[in-house]
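Read through the structure below, which is laid out as structure tokens, and then see the notes.
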Amino acid sequence: MPSYAWLIVWLPLLGFLHNAFAGYLYKDLAARKKAVSYIAPGVVLAAFVVTLAVLKNEVLTAADHRVIVPLIPGLSPETPWINIAGFKANFGLLLDPLSMLMAMVVTGIGGLIHIYATGYMAEDREQPRFFTYFNLFIFMMLLLVLGSNFLMMFVGWEGVGSCSYLLISFWYTDENNAKAGNKAFIVNRVGDLGFALGMMAIWSVFGTLSYFGEKGTGVMQMAARHVDLLGNPLNIGVVTLICSLLFVGAMGKSAQIPLWVWLPDAMAGPTPVSALIHAATMVTAGVVMLTRCSWLFVQAPGALQLVGWIGLATAFVGATIGLVQSDIKRVLAFSTVSQLGYMFLACGVGNFTAGMFHVLTHACFKALLFLGSGAVIHSMHGEQDMRKMGGLKKLIPRTWFVMFIGTYAIAGFPFLSGFFSKDEILGSASASPWGNGVLLYGVGLLTAFMTAFYMNRLMHKTFYTDARFVDGELHAHHHSNFDEHEDAHGADAHAHEGANDHGHGDAHGGGTVHESPPSMMIPLYVLAVLSVLVGIVLGPTKIFEHFLEPSVARLDLGPLAEVTPLVPEIVGWVISGAIAIGGLTLAAMLYGSRKQTGELTTEASKVKNPLYAFLANKWCFDLVYNKVFITIGGKFADRVLWKYVDVRLIDGAVNGVANAVGKISGTIRKVQTGYVRNYALGILFGVVALLVGLLAQWTTLNR
Amino acid sequence: MVPTSYYMILSGILFTIGVLGVLVKRNPIVIFMCIELMLNAANIAFVALGRHFAQVNGQMYVIFALAVAAAEVSVGLGIIVSIFRTRESINVDEMNLMKF
Amino acid sequence: MGNALCRAARGTCSAYIPGYLNAMPSAPILVFFILAAVAVISALMVVTNVNPVRSALSLVVTFLSVALLYITLSAHFIAAVQIIVYAGAIMVLFLFVIMLLNLGAPAEAEPKNKAQSRAALALSAVFLTALALAPLVTFSTDAKSEAAIKNLGTVSTIGASLYNPALPWLFPFEATSILLLVAVVGAIVLAKRRI
């Protein structure tokens, strides 16, 4: 039976092509936007359906739950994509629980966000361009998770990076947005270099880039047998190097210290972008990659330990910065950084399954939170500053409700999805194979407490405290690359604005707070249900663990041994639940008692507090980077690299060679007189030399 | 019977005279004549060697060499005529554009 | 007559010519030396004459003596062709061009480039030495019998070889006709002012 898995990848690509050429297909802007608003979410949801079918019919029935199918229908999965001088990479899709899980997350949650975006972007004249990038992103992300070798993952990896860049700076007429896009792109280059080097190292050790091959020829299969390409035992140092390089790549994509600085700035993009790319899917690519390479990582305890420490530090730093942010999306951005840190912490202590479980639950509730915050921003006519919000619970109760669920889910309120995944991570952290379980567990709990606190702080500032604006006189912070009059024309024909149509007249003057259109609310409801149910259905029942088992290496495959957690699972649940409730309650107490301002202290006293300044400055990461790379690095580049290395050494060498050639040939060229007889003399000289040589040879032969 | 090597040496002498003429003369027509001289020297060697091995091949080559020489002379003299026509001179010392 | 000449030469000269030449002066060898001397001297005159017309006439002498040398090699057909094509057609062409361009007697000065001439002379000397040494080094002297080579150069032998499809000469022969055609067209194109 031929596989239909290729459809998963091809559908978003077709959607991308349709949207990209929509300008040729539909002359009328309204018709174009309408077509795009159906096609773009349609192809992603169709891919989701295909994913489910493929999962049921092809993966779960296969031996080992693993099957490699062609990317291009009709060809063999072994059809080479590149085949040069011993280097071979295939066009294959690897279908196994991990890739199918990620494909479901990307197409499922991605599809919901697409639907949401049709409402969110309805007024933007460049909506087709937005969905072009969106569909392309889905295509690239699916290549990343489904590819059967590192090279295909790398293609997807770079592709999502490009889409991320394009979408962050979607409203490129604002210079800050363009700069944020550049920052994300450039910081990611550092990580991508690590990935590329890691890939080369893998090639040199294993002689292939495929994860799994026939007769155990894949990288993971060799790693599981502790052998390299030639059958020699693996060198732990080399594997540690490979894993560290791969982790550098993951750091960039998944915003880990020290390469995390781009993610908060990436919030410059439209909110669906933040939800899809910078919360639910792309930023988890690092975790997916680590899990995919778990067979390698369990062989390299050093690299694992690095992953664990970086993850813990990122989780803690992200949470502390999240405490002091006043922009609603930036709180969520730092929360994302922090949650990604959790995922890496889980991978670092060898529990890749827990990391992936958190990827899944986080995708649900963080998408919910981002989209919810997008709905809030939409309702507030583009206002993002929480200091200017408040009292929204009464005005937009449905948005409040889904945000409430999201907050409790991420905080780890008992029996919501974040509770189970976070508890699983904390449990494994306490069972750290390096004996530092107490520290990891303690910092993890502290971070969980802070998470609960800053999320409830967000809720209070936004929904519960008194309104700090006058309803009906909101100023539109409308984003668009074009003049808004033009923009409004394009949106007139939009179908998704029924009862909640806020009209366009008020977008220009004072606006009232209103609920978002159904195209935005329905995905929120679905995500809210998922945020409640995913954890309890898949977590304690061990369904998820068993599902993912074929894709993940066990820690004791390598030199490390499994350790029992510090506390039994049931006690862990109680502690986690207590911490979450504690954090939520503390925020409720502190902010509930200051209903009027929604602030703990005045702005003046905040500025004086050095700890606040330190946190608000994001632990001075940007300052230090600016100082080191821009100022000092710039001077170094200017004075040493340019004026010495480039001008003197490189240019000097090049010009020197040219000058030398010029002088030598100036001398030699006198030989070329232009007189034919001189050249004929040269010919004669050659003939004589030849003849003498032949004579000498004959003489010796005849002797 | 005259030894073949005599003819070969005669051929070498004639050939060398031809080479010398090509190298020192300045009149292109005389240079052409010297080339003909070299061709004749080669023909003598062909015929002599053909006789030496009692094969007709040597004379065959001479026939073709004659044909080529005839073609070459007609084209070469045509070139000389056209050069003379454009430059009013055929001194090879004035033809020194074959550089740079 | 040749025999008589040879005998006479032997009789008169044997007293004072060196011993190693004693065996040599049979008639054909004497004829060869005479013809060779004429050829070499006239060839030298081609090079040394300053007047191109004289050079051309000296070349005719060379061609004629070479034709006679072909006869001594029993290549009669080639000898005839040599006279017809070279001494006839080609030399007429040369003289015609010389006259046409009015190059009758240009005052050919010394070559400007003496270094070129000296180098040419030196290299030619080495070249000649090498060429002269070559047959001494490489030849075995197992010449074929007179009978085997007697009919080699007759018209019938040449014709039978040239047009025999089993031998590899037919195709080059046909190709030669194309070459000559091209040469004719080329000569016209080059010489004509305007086509």
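The values are calculated or read from the model by the stated rules, or taken from the named source; none is laboratory data. Note that the structure is a prediction, hence the values are computed from the model and not measured. Here Cβ is always computed from backbone atoms with ideal geometry, including for glycine, and neighbour counts include all displayed protein chains.
Points to keep in mind about this one:
- Test for A:Val657: is it away from chain B (no Cβ under 14 Å), in a helix (DSSP H, G or I) and exposed (fewer than 12 other Cβ atoms within 10 Å of the Cβ): yes
- Among the helices (runs of 4 or more DSSP H) confined to region A:336-440, the ones with at least 1 residues that are among the acidic types (Asp, Glu) are located at A:417-430.
- Residues satisfying the stated conditions in region B:48-79, i.e. touching a residue at least 40 places away in the same chain (Cβ under 8 Å) and either at the interface with chain C (Cβ under 7 Å from one of its Cβ atoms) or at positive phi (or both): B:Ala48, B:Arg51, B:His52, B:Val73, B:Leu77
- One residue from A:Lys663, A:Lys670 being part of a helix (DSSP H, G or I), farther than 18 Å from C:Leu131 by Cα, among the basic types (Lys, Arg) and modelled with pLDDT of 90 or more: A:Lys663
- Residue among C:Leu170, C:Leu100 that is more than 23 Å from the chain's Cα centre (by Cα), among the hydrophobic types (A, V, I, L, M, F, W, C) and modelled with pLDDT under 85: C:Leu100
- Qualifying residue in region C:105-121 (condition: at pLDDT below 90, more than 7 Å from chain B (Cβ to nearest Cβ) and within 30 Å of C:Thr157 (Cα to Cα)): no
- A:Phe685 surrounded by 13 or more Cβ atoms within 10 Å (Cβ to Cβ) and more than 14 Å from every other protein chain (Cβ to nearest Cβ): no
- For region C:27-108, the helices (runs of 4 or more DSSP H) that sit wholly inside it and include 2 or more residues that are within 26 Å of B:Phe53 (Cβ to Cβ), touching a residue at least 24 places away in the same chain (Cβ under 8 Å) and hydrophobic (A, V, I, L, M, F, W, C) are C:27-48, C:52-72, C:76-81.
- Residue match in region A:659-679 (condition: among the hydrophobic types (A, V, I, L, M, F, W, C), free of Cβ contacts under 8 Å to residues at least 40 places away in the same chain and touching a Lys or Arg at 6+ places or on another chain (Cβ under 8 Å)): no
- Test: residue in region A:125-145 that is in a strand (DSSP E or B) and touching a residue at least 12 places away in the same chain (Cβ under 8 Å): no
- In region C:50-76, residue farthest from the chain's Cα centre (by Cα) [restricted to those that are among the polar types (S, T, N, Q) and closer than 18 Å to B:Lys25 by Cβ]: C:Asn51
- Scanning region A:673-703 for residues that are out of contact with any helix residue (DSSP H, G or I) (no Cβ under 8 Å at 6 or more places or on another chain) and more than 21 Å from C:Pro135 (Cα to Cα) returns A:Thr673, A:Gly674, A:Tyr679, A:Gly682, A:Ile683.
- Any hit, region A:564-578, residues being farther than 12 Å from A:Phe357 by Cα, under 24 Å from the mean Cα position of the chain (by Cα) and either without any contact (Cβ under 8 Å) to a residue 60 or more places away in the chain or assigned to a helix (DSSP H, G or I) (or both): no
- Positions within region B:16-41 being more than 7 Å from chain C (Cβ to nearest Cβ) and within 14 Å of C:Ala134 (Cβ to Cβ), in sequence order: B:Ala41
- For region A:595-648, the set of residues classified as more than 28 Å from A:Ala184 (Cβ to Cβ) and of a type in the set (Gly, Ala, Ser) consists of A:Gly598, A:Ala604, A:Ser605, listed by residue number.
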